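The values are calculated or read from the model by the stated rules, or taken from the named source; none is laboratory data. Everything quoted here is computed from the prediction, not taken from an experiment. Cβ atoms come from the backbone with ideal geometry, glycine included; neighbour counts cover every protein chain shown. Quick note on the areas: whole protein, heavy atoms, side chains included, nothing else; ligands and nucleic acids left out. Shrake-Rupley method; radii C 1.70, N 1.55, O 1.52, S 1.80 Å.
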Amino acid sequence: RIPFNFKVAIFSAYALVLLLGVSLAALVLLHSSQLRNTALTLVERDVPEWRAIDAIRRDLREQEAILSAYFFSRDRGRFVGRYADLDRRCNDHLKLLAQRYGNAAGVARLTAAYEELYQTARQLDSALAEARPEVEQAQAMLGSISRQVDVIDAGLDEVEGMVDAKISREQRTLDLATQKMRSMVAMLAGSIFLVSLFVGYFINRYINEQA
C-alpha cells in the first residue's frame, strides 16, 4: 500500500508541474501579444510615415517642374489643376506627420517652409496671369522656389531622422521583450525539468523500496 505522505508528495509535485506549465503558457501568450503590438506599431505607424516623407519629396519635385513649365508655356489651365492636386497630397502627408510629431520643432519648421513655398507659387501664378506677364518677377520667384524646395528637403531629412530614431527605440523594446521572454521561458522550463526529476526520484525510490 502506498504511504499517505508519499501520495501527498507525488500529488504536490504534479500540481507544481501543472502550475509551472500553465504559467509558461500564460507567459508565452502575454509576451507574444506584446511583441505583436510592437510589430504592428512598426508596420501600421512608422512605415506610413516613411511613405509620407518619400511622397512629399516626389510631389515637391513635380511641383517645381510644373511651375517651371508654367513659366515657359504660360498654360495656366494645364498648371492649375495638376498643381492643386499635388498641393492637396502634400498637405495630407504633412498632416499625417503633424499628427505623429505635433510637438516636434522639426515638423513645425517643415510645415512653415511648405506654406512659404505655396505662397510663392501663388505669387508666381499672379505674375504670369497678368495681361502683360511680369516675367522678371516670375523668374526671380522660380529661383526662390528652388531654394525653398531645398529647405523643405532638409526639413524632410530632419523628420526622417526622427522617424528612424523612434523605430530604433521600438526595435530595442522589441528585442528586450524577446530576450525577456526567452529567459523566463528557459527558467520555467528548467523548473519543470527539475520538478520532473524530483517526481521521478521519489517514484524510483518507492519502486526500489517495494522490490
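A few remarks follow.
- Hits in region 114-161 - residues which are surrounded by fewer than 18 Cβ atoms within 10 Å (Cβ to Cβ) and over 23 Å from ARG89 (Cα atoms): ALA129, GLU130, ALA131, ARG132, PRO133, GLU134, VAL135, GLU136, GLN137, GLN139, ALA140, GLY143
- Whichever residue in region 57-94 is of a type in the set (Ser, Thr, Tyr) and touching a residue at least 12 places away in the same chain (Cβ under 8 Å) and, among such residues, is surrounded by the most Cβ atoms within 10 Å (Cβ to Cβ): TYR70
- Checked against the criteria, ARG100 does not count as among the basic types (Lys, Arg), farther than 30 Å from GLY143 by Cα and modelled with pLDDT under 80.
- Test set (1) surrounded by fewer than 16 Cβ atoms within 10 Å (Cβ to Cβ); (2) modelled with pLDDT of 65 or more; (3) more than 30 Å from ARG169 (Cβ to Cβ) - LEU30 fails condition number: (3)
- Total residues in region 95-113 satisfying the condition of being open to solvent by less than 60 Å² (accessible area, probe 1.4 Å) and in contact (Cβ under 8 Å) with a residue 40 or more places away in the chain: the figure is 8.
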